[in-house]
1. Can you name the number of the only condition in (1) open to solvent by less than 30 Å² (accessible area, probe 1.4 Å); (2) at pLDDT 95 or above; (3) of a type outside the set (S, T, N, Q) that CYS250 fails?
2. Quick one: in the range 269-296, which of the residues that are charged (D, E, K, R) and under 16 Å from GLY215 (Cα atoms) is farthest from the ligand (Cβ to nearest atom)?
3. Can you confirm whether GLU205 is modelled with pLDDT of 95 or more and within 12 Å of the ligand (Cβ to nearest atom)?
4. Only one of ILE178, ILE235 is buried (at least 21 other Cβ atoms within 10 Å of the Cβ), modelled with pLDDT of 95 or more, more than 11 Å from the ligand (Cβ to nearest atom) and within 29 Å of LEU345 (Cβ to Cβ); which?
5. Which residues, taken from the range 397-426, are in contact with a helix residue (DSSP H, G or I) (Cβ under 9 Å, 6 or more places away or on another chain) and of a type in the set (S, T, N, Q)?
6. What's the number of the condition THR149 fails, among (1) modelled with pLDDT of 95 or more; (2) within 24 Å of ARG192 (Cα to Cα)?
7. Looking at (1) open to solvent by less than 30 Å² (accessible area, probe 1.4 Å); (2) closer than 24 Å to GLY234 by Cβ; (3) out of contact with any helix residue (DSSP H, G or I) (no Cβ under 8 Å at 6 or more places or on another chain), can you tell me which one GLY36 breaks?
8. Go through (1) under 30 Å from the mean Cα position of the chain (by Cα); (2) open to solvent by less than 10 Å² (accessible area, probe 1.4 Å) one by one and return the number of the condition ASP297 breaks.
Amino acid sequence: MAQDKSASERMEKIVSLCKRRGFIFQSGEIYGGLNGFWDYGPLGTELKRNLKDFWWRRMVRERDDVVGMDGSILMNRQVWVASGHEETFSDPMVDCRICQSRLRADQLQEKGGRKQCSVCGSFDLTEPRAFNLMFKTYVGATEDESAVTYLRPETAQAIFVQFKNILEVSRKKLPFGIAQVGKAFRNEINPRNFTFRSREFEQMELEYFCRPEEGPQLLEYWLNERLKFYADIGIASDLLHVHKIPPEECAHYSKGTYDIEFAFPFGVQELEGVAYRTDYDLTQHQNASGKSLEYFDEESKQRYIPHVVEPSAGVDRTTLALICAAFDEEQVTDEKGKVETRTVLRFHPRMAPIKCGVFPLLKNNDRLVRQAREIVELLRPHLMVFYDESGAIGRRYRRQDEAGTPFGVTVDFDTIGENGPANQGTVTIRERDSMKQHRIGITEIKSFLIEKIS
Ligand code: GAP
């Protein structure tokens, strides 16, 4: 119980830091927000962009066997009929007759064998009924059945329906993959845990097409690749769990699924699914569209529908995991002997929204300010820097610690040669985690930082 309390306090601190420092805000907050929708502020946007860019780099640019695509959010309704989403993409929902809350039946606690309302504690609940999670909309000027379609609930289907076009233009041979990063929408019954379960979110998905016999081994391969990815963005392996979904719980078309889970303060929860989806999706679209989605295998001279292994990660969930993993508080003693709590986001430099703070020791000294601004201009084309001249230098460091900035460059009187020539042209570099400082030449700053963040 004590642990639960400290975990929920930790989560409260994270949510409050996210707002205070501009990582994440409630969407349309001045109108009271909208449940399940979030806006990313300046720091959150940088963090999310770094994550998506690094995923793209690892999954597409550094590989010969993966190409990218960027599909539309609205597609012909038949895509969702064929994929099975229109018929079955639903969660079981119940209503509480006492407090009128709408609840997900599969998430309710049971007491004495009866499901209990999580809001008011009543047992007076309706029978579960299926609630389709897709947002319905109309395309064009008439709002009738013929104009209906849905905001996509996953990015994957755009990849399946463009499989043939991309195969032709990329001239890839099996095994090869198509990757996509983009928005998805689900009308979740109970959005919760901050951004963890939202109604609008982003996915990073790869559909990796292969010969049927390669599926099982590629499932293991992609699980390992994805675990390496999390290590490379600074998520420690002890915070990650791999959950092998028992065969009876897998989707009917899956021949194996792993969930990669993260230890959030509110519990161990899914970050990403890695699933061997067989030839289910392409077969569904081939049958429904009447267009062949077969592959001609030049080696075996056979024609068949490829199988697919899909690593599917959530951008928002991983962003939240990065923040939760990075969040730390420690007691430090300042130069005057005063003990204070230092809040620090220990992001991997690759993910950090701002890579380097640049500070003139004093703001009312023209030479210090000019030199610091020159350093900003030197670094700006290569990485995200932040110039700050206001307040005591210690306070400026603390502000950057809270933003997760891994390095701080300070221009002092040594830099401008006022204390003799020995350290002229050098600055101090402060490292966020150790708070240690050392001097390096101005001309070395760029390569020092680029090496740390790439
Ligand atoms: N194409 C397969 C697919 O969409 P999924 O497990 O439903 O599989 C994949 O979703 C990932 O998308 C999840 O692991 C999660 O990271 C993210 N995701 C799913 N629903 C989400 C939601 N409501 N809010 C935030 N992220 C979500």
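The values are calculated or read from the model by the stated rules, or taken from the named source; none is laboratory data. Everything quoted here is computed from the prediction, not taken from an experiment. Please note: Cβ atoms are built from the backbone with ideal geometry, for glycine as well, and neighbour counts cover all protein chains shown. To get the accessible areas, we keep the full protein, side chains included, count just its heavy atoms, and leave off ligands, DNA and RNA. Shrake-Rupley method; radii C 1.70, N 1.55, O 1.52, S 1.80 Å.
1. Here CYS250 clears every test but (2).
2. Looking at residues that are charged (D, E, K, R) and under 16 Å from GLY215 (Cα atoms), I get ASP279.
3. yes
4. Step by step, each of ILE178, ILE235 is checked, and only ILE235 is buried (at least 21 other Cβ atoms within 10 Å of the Cβ), modelled with pLDDT of 95 or more, more than 11 Å from the ligand (Cβ to nearest atom) and within 29 Å of LEU345 (Cβ to Cβ).
5. Correct list: THR405, THR410, THR415, THR426.
6. So the condition that THR149 fails would be (2).
7. Among (1) open to solvent by less than 30 Å² (accessible area, probe 1.4 Å); (2) closer than 24 Å to GLY234 by Cβ; (3) out of contact with any helix residue (DSSP H, G or I) (no Cβ under 8 Å at 6 or more places or on another chain), GLY36 violates only (2).
8. The number of the failed condition is (1).
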